[in-house]
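Engineer: The structure's right below; bear with me while I get my questions together.
A short reminder: the numbers here are calculations on the coordinates, not readings from a lab. This structure is a prediction, so every number in the text was calculated from the model and none was measured. FYI the Cβ positions are ideal-geometry reconstructions off the backbone, even for glycines, and counts take in every protein chain you see.
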């Protein structure tokens, strides 16, 4: 399996109030799903540190949370832009045929004519469908449409087979 040890789920986006609460940008779906992980880890000064979420809730279009040990605005401000992550083993198993984005990053993308288009650098959500950002001789944006564009994902081999013209 290609999955890294640490999976980034979001980041600390700002402070909320004066009692140590933080604003959270969540990359989970649904966005409040980030609060279900216990514990959460924050990458502070390049090191992953464990944090217990004491309380959290949806606030407007984002989330706010109170982390144990962060009791004032200054302590919360020191965490701004810290990545929020979990250990890979904290992720729930998925049904066959479903994948976490972290599982796809780094896989080689090969079209039906056996031409390598590069490796998955990242994914992005567009609303209509997710898109693979593939970096090879150049960057390609390949829609993640199972059956139509994405034909097979072989995690063991590290390959995604796609129906995609290399000139696109």
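Engineer: As an exercise, use a Förster radius of 25 Å and the Cβ-Cβ distance of residue 145 and residue 113 to find the FRET efficiency, rounded to the nearest 0.05.
Structural biologist: According to the calculation, E is roughly 0.85.
Engineer: Along the Cα→Cβ direction, 7 angstrom out, place labels at residue 74 and residue 156. What is the inter-label distance in nm?
Structural biologist: 5.7
Engineer: State log₁₀ I(q)/I(0) for the range 1-138 at q = 0.10, 0.13 Å⁻¹ as given by the Debye formula over alpha-carbon point scatterers of equal weight, solvent excluded.
Structural biologist: The Debye formula, applied to the Cα set alone, gives -0.40, -0.64.
Engineer: Just to confirm my numbers, what's the Cα centroid distance between the range 86-104 and the range 7-62 in Å?
Structural biologist: If you average the Cα positions of each part, the centres end up 19 Å apart.
Engineer: From Cα pairs below 8 angstrom and at least 6 apart in sequence, can you work out the relative contact order of the range 6-89, rounded to a whole percent?
Structural biologist: Across the range 6-89, relative contact order equals 44 percent.
Engineer: At 37 °C and a viscosity of 0.692 mPa s, what translational diffusion coefficient does Stokes-Einstein give for the range 108-168, taking Rh as the Kirkwood radius over Cα pairs? Give it in µm²/s as a whole number.
Structural biologist: So the translational diffusion coefficient is about 287 µm²/s.
Engineer: Which whole-number percent is the relative contact order of the range 101-162 (Cα, under 8 Å, 6+ apart)?
Structural biologist: 30
Engineer: OK, next. Largest first and in whole Å, what are the equivalent-ellipsoid semi-axes of the range 45-114 based on the Cα gyration tensor, each being the root of 5 times an eigenvalue?
Structural biologist: After scaling each eigenvalue by five and taking roots: 35, 15, 13 Å.
Engineer: For the range 33-168, what's the relative contact order in percent, using C-alpha pairs closer than 8 Å and at least 6 residues apart?
Structural biologist: RCO, the range 33-168: 15 percent.
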